[in-house]
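To start, the structure under review is shown below, and the notes come after it.
The values are calculated or read from the model by the stated rules, or taken from the named source; none is laboratory data. Predicted model, so just to flag it, every value in this text is computed and none were measured. A quick note on method: Cβ atoms are made from the backbone with ideal geometry, for glycine too, and the neighbour counts reach across all protein chains shown.
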Amino acid sequence: MDLDSLHKIGRLGKPWGHQGELTVHLDEVDLDDIVHAGSLFVDIEGQKVPFFFSRLHDKGRDVLVKFDDFNDPQSASVLVGRDLYAPPGLLADGSDESWDPEEFIGMLVRDEEHGELGEVTGLEGTEKHPVLVVLRGEQEVMIPLADEMILGVDPEENTLLVRTPPGLIELYRG
């Protein structure tokens with residue numbers, strides 16, 4: 001994993017309660033985008049160290065995290081004030097390294113299993129859930145877009161390598 005591509009999402013605050021939970025001060029990141037990550041990285045003297053968490057939730061006006069390695073406020077206090085990072089590819093919006101679906105218009109789409117699919121002619125869906133409109137011959141193919149589906153972008157070749165959900169392309173072959 002490329003630790004330089006981690007996304008800073010905030011800073012850890014003071015311990016909360018008696019089980020080693022810490023408050024989290026998020027920088028314009030939606031809690032829903034990171035709650036299922038399973039682990040977050042903490043900057044400890046310049047090193048990004050991964051910690052698994054069992055809980056990340058809203059508690060009133062605070063956001064709290066319970067890292068698996070800390071079971072009391074004293075042990076968790078070593079992380080107070082440290083920067084917090086999300087794994088790469090987790091955040092689709094709000095970071096400099098994320099992709100902009102508008103950039104894909106005009107690109108040739110290749111699927112890892114089905115080969116060349118066609119050219120991206122537009123976008124549908126919402127900002128949070130974009131759908132690529134790909135012209136495949138005379139037919140439009142709608143491909144939902146998520147970070148885990150993008151395998152590679154080659155601006156020089158103007159191509160986008162994707163992994164479509166199983167059965168999607170077969171639907172269009174009818």
Please go through region 141-174 and pick out each residue that is farther than 20 Å from Glu113 by Cβ and either without any contact (Cβ under 8 Å) to a residue 12 or more places away in the chain or assigned to a strand (DSSP E or B) (or both).
Pro155, Glu156
Can you confirm whether region 50-67 contains a residue that is outside the structural domain of Asp147 (by TED's automatic domain parsing), more than 15 Å from Gly13 (Cβ to Cβ) and assigned to a loop (DSSP other than H, G, I, E, B)?
no
In this structure, is Gly118 in contact (Cβ under 8 Å) with a residue 12 or more places away in the chain, under 23 Å from the mean Cα position of the chain (by Cα) and not assigned by TED's automatic domain parsing to the domain that holds Asp32?
no
Name the single residue that is farthest from Ala37 (Cα to Cα) among those in region 121-140 being in a strand (DSSP E or B) and over 21 Å from the mean Cα position of the chain (by Cα).
Gln139
What are the residues in region 110-144 that are small (Gly, Ala, Ser) and modelled with pLDDT under 90, if any?
Gly125, Gly137
Somewhere in region 99-109, is a residue under 27 Å from Ile34 (Cα atoms), exposed (fewer than 12 other Cβ atoms within 10 Å of the Cβ) and modelled with pLDDT under 90?
yes
